[in-house]
Structure formats: C-alpha cells, structure tokens
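K.L.:
Mind having a look at this structure? Questions to follow.
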Amino acid sequence: MRPTAPQEPEGGPPPSDRRGRRRSATRERLLAAALELFAAQGYAATTYDHIAERADAGRQTAFNHFRRKEDFVAAWLRQRHELLDRRDQADASDGRTAVEALAGELRALAELNERDYALSKELHDDGVLYSAFALGTATPRAFAATAARGRRNGEIRADLDPEDVADLVFDCYSTTLNRWLHRDGGFPLADALLARLAVLTTGFAAPSPAPVPLGDAAPEREG
C-alpha cells in the first residue's frame, strides 16, 4: 500500500503555522513594496510610511520586520545568495567543474542585475548597496562551497583556502558590477565577469621563456 499523506487537523493547520505563514507573507509583501519604491522614486525619498502603504500594512509592522531601511537591501541580497545556493547544489549534482559552476553563478548574478537594473543602479548611486555588504551579505556561500568542492576534486590548488578563492571571485564581481553601473550598463556585464574569471583561474603572469638547451646554442662566429 502506498503511504498516505499526513492529514491536517480538522479546521486547517495549527494556529502557530498559520501565524508563521501570515508573518512570512507580510514580510515578503513589505520587501517587494520597498524594492519597487526604491527603484521608482529613489532609496532616500522612500519612507516607512510609503512602504507600509504600498504593502497594505501598518507602519509599526514594517518596523517589526525591518528595523532599518538597509535591512530591506540586505534581505534582497540574501535572496540572490539563496538562489546561488540552489544553483550550486544543482551544479554539484550535475557534475560541473568548479570553474564551470563559478561561471554559471556569475552569469546568474549578471542576469539578475540586468533584470533589476533600475533598482541596482539606484542602490549603487545612493551608496547603500555596498554599505549593505557590511551587514553580513558579502561573499556568497555558494562561491566558497564551489571552491571547496573544486579543491577536493583537484581542480583548485590544495594550498588555497576556499574562502580566499571565494573572496577573490566576489571582489572581481563587485568591482566589475561597480564599473558597469557607473557606466550606465555600457558593456555586457556577463562577458566582462567571465573574462575576469578567466584571468583569475589562469593567472596573469606570462609564462617564463623556456631555457635554450646548451647543445642548441648558436655557434660562435669566427672573427
């Protein structure tokens, strides 16, 4: 016999579950409202009253979920990082190499920034995007997980700390994103990110010229 799915108690889920779902739905509604307003009218011009009204919630409710305006931005960044976490798990299952996985993660971030260009541009120009990195949303966990997997598989040098590799990739991403936004999206972001990743993975030092074997040296000319 097939096992039967557990039945909810008569009258629906327990009150605590319903409260949790309502709280989560309210938080998501507040976050979506804040991000829409930041993109449309600017981060500095948006107040808690605006956000609460757009989300059809009370001002105190907005404060209960997000104590500071920067917390909306930190939550937005965490959403992106969670997407990268799910992508990294899929990459690990599919057997992609560490470099392939990192390239895919950078490409995904490029697509998100292109999709949310107005929001990314506003948060960048206001300066809040990089201040949010200090709130615990800096290097994505997926970068470090990919680097650790690559080191275990012999794709990344054993003497390198995966966290250091992840930081290098993230520094490459954040610097390139900053230039892209500063130039109003004036170049393909994904292409630039992948080009810089290639430099990181291969190194930028030119190979030393091979020494000329003594037997192949040009004979001295007789004077």
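K.L.:
Carbon and sulfur: what percent of the chain's accessible surface (1.4 Å probe)?
P.N.:
Answer for the chain: carbon and sulfur cover 51 percent of the accessible area.
K.L.:
Among Leu177, Ser131, Thr146, whose Cα projects farthest towards the positive end of the dipole of segment 91-183, with charges put on the beta-carbon of Lys, Arg (+1) and Asp, Glu (-1)?
P.N.:
Comparing the listed Cα positions along the dipole, Thr146 ranks first.
K.L.:
Which value, in Å², gives the accessible area per residue of segment 75-214 when a 1.4 Å probe is used on the protein heavy atoms?
P.N.:
55
K.L.:
Select from segment 26-83 those trypsin sites (Lys or Arg not before Pro) which occupy a DSSP coil region and have at most 13 other Cβ atoms within 10 Å, ordered by residue number.
P.N.:
Working: sites: Arg27, Arg29, Arg54, Arg59, Arg67, Arg68, Lys69, Arg78, Arg80; in loops: Arg67, Arg68.
Listed in order of number, the matching sites are Arg67, Arg68.
K.L.:
Then there is this: Which helices pass in the chain if a helix is a full DSSP H run, must span at least 27 angstrom along its long axis by Cα, and must have mean Kyte-Doolittle hydropathy not below -0.5?
P.N.:
Long hydrophobic helices here: 162-182.
K.L.:
If you don't mind, there's one more thing I want to ask. Rg and Dmax in Å for the chain, alpha carbons only: what are they?
P.N.:
Here Rg and the maximum Cα pair distance are 24.8, 108 Å.
The values are calculated or read from the model by the stated rules, or taken from the named source; none is laboratory data. Treat the numbers as computed from the prediction; the structure is a model and nothing was measured. Positions of Cβ are backbone-derived with ideal geometry, glycine not excepted, and every protein chain shown enters the neighbour counts. Calculation scope for accessible area: heavy atoms of the full protein, side chains included, ligands and nucleic acids excluded. Shrake-Rupley method; radii C 1.70, N 1.55, O 1.52, S 1.80 Å.
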